[in-house]
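Below: one structure, written as C-alpha cells.
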Amino acid sequence: MLKRHLLLCLLASLATAGVSAQTGPVWPARGPIKLVAVFPPGGSVDQVARILALPLQMQLGQTVIVENKGGASGSIGAAAVAASPADGYTFAVVFDSHGVNPALIPNLPFDSKKDLTPVVLVGTSPMVLATYTGSEYKTFADVVAAARAKKNVSYGSIGSGSLGHVAMSLLGKSSGLDWAHIPYKGGGPLMNDAVAGHVPLSIGSVFVTKPHIDSKRMRPLAVTTSTRSKELPDVPTLAESGYPGFEAPAWWAILAPAKTPPDILKRMNDALNKVLKNPEIAKKFDAQGIDVVGGTPETARVFIEKQMDIWAKVVRDNNIKAD
C-alpha cells in the first residue's frame, strides 16, 4: 500500500509539474481578444474592425472586442499595441497612415518594423478626392484651375501625415499647385464636415466616402489608383486626369506586438483568412470598395514595408512636413 501511495504521489507531482511548465490555457482560452482600431469611431478603420470582430469571434470561440484608440495619424493606437504583452490578446487594426508615419512623425515612440509584426493584409482600395454637391468644383480640372488661379483651395484628410495628406502634397508639389491641408481626427469627423461643405474637398477611402456619394451628398472627382474603382466606374483616375503613373492606394492590415508566438500568429492568420473568404464578409467589403487581399503574414510584411519605403522617399524628396 505504501509503495502504491508513493507511486500515486509521484504521478500527481509529475502531472502538476507538467501543468506548471505550461504558459497557461491554450490560446485564446484566457480571455477576450482586443482589436485596437487606431482611428476614432465612424471611419474606415473602425468599420473594418467591427466587420471582422463577430465572425472572428465565431472562428476562435472567444469574445472579440473593438477598442478605438485614435490620435497622431494612428500612431497612438499602434504604440499602445506595440507596448502590449505579446500574448495574442491585443492586435492593431491599422490604415495606410501606418506606412507614412515612420517618415513623417519625429520621435515615433516605437519602431514600425521591429516592434509590430503583420498578421494579415485585409485589403486595398482607391482613395477618392470628392466635394460636396453644392460645390463649384464639377471636375478635378476645376480644382486644378482654381489652384492655378491662387483661389485658396483647401482639402481635408483623415489626419496630418495620413496617406491622403502625403499624396495630395506630392500631387501639388509635382505640379506646381498650392492647396492648404486641413487635418481631421479620422474619417468620421472628416465626412461630417465634408458633406456639410465646411471643407471644400476631401480625400478619403472609397469605404468612408462612398456612402455619401450614394446618398448624393458628395460628388467624386477622381480616384488615386492607376485603374478605376469597380465601385465607382464612372470616376476618372488621377492618371487619366493628367497625372500619369500616379498611384496611392488605401490599405488596412492587422498587426500584433513583436515576439507574439508563431503558433498564435498562425492561428490568428488562419482565422482571419477564413473570415475574409466568407462570401458575406467579402460582400460587405466589396460594397465599400475594398478589394480583399488576405494571405500570409509574410505577404503583409512585404507589402507594408514596401509602402513605408515608397512614402519615406516621397516625404524626403518633397520635404513634406506634418502639420
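The values are calculated or read from the model by the stated rules, or taken from the named source; none is laboratory data. All figures in this text were calculated on a predicted structure; none of them were measured in a lab. Cβ coordinates were reconstructed from backbone atoms using ideal geometry, including for glycine residues, and neighbour counts include every protein chain displayed.
Worth pointing out:
- Within the range 241-263, the set of residues being surrounded by 14 or more Cβ atoms within 10 Å (Cβ to Cβ) and out of contact with any strand residue (DSSP E or B) (no Cβ under 8 Å at 6 or more places or on another chain) comprises 243, 247, 261.
- Residue among 230, 173, 185 that alone is of a type in the set (Lys, Arg), farther than 30 Å from residue 27 by Cα and not assigned by TED's automatic domain parsing to the domain that holds residue 152: 230
- Taken together, 320, 290 contain a single residue that is touching a residue at least 40 places away in the same chain (Cβ under 8 Å) and under 23 Å from residue 232 (Cα atoms), which is 290.
- Per-region count, the range 82-100, residues in a helix (DSSP H, G or I), under 25 Å from residue 248 (Cβ atoms) and among the hydrophobic types (A, V, I, L, M, F, W, C): 0
- Here residue 197 passes the criteria (1) touching a residue at least 40 places away in the same chain (Cβ under 8 Å); (2) surrounded by fewer than 19 Cβ atoms within 10 Å (Cβ to Cβ); (3) closer than 25 Å to residue 308 by Cα except the one numbered (3).
- Taking each residue of the range 63-86 that is on the phi > 0 side of the Ramachandran plot and looking for partners that are assigned to a strand (DSSP E or B) and crowded, with 22+ Cβ neighbours inside 10 Å with beta-carbon atoms closer than 7 Å, six or more apart or interchain, yields 74/94; 74/95.
- Residue-level check: of (1) more than 13 Å from the chain's Cα centre (by Cα); (2) touching a residue at least 60 places away in the same chain (Cβ under 8 Å), residue 100 misses just (1).
- Inside the range 136-160, residues that are touching a strand residue (DSSP E or B) at 6+ places or on another chain (Cβ under 9 Å) and surrounded by 17 or more Cβ atoms within 10 Å (Cβ to Cβ) make up a count of 10.
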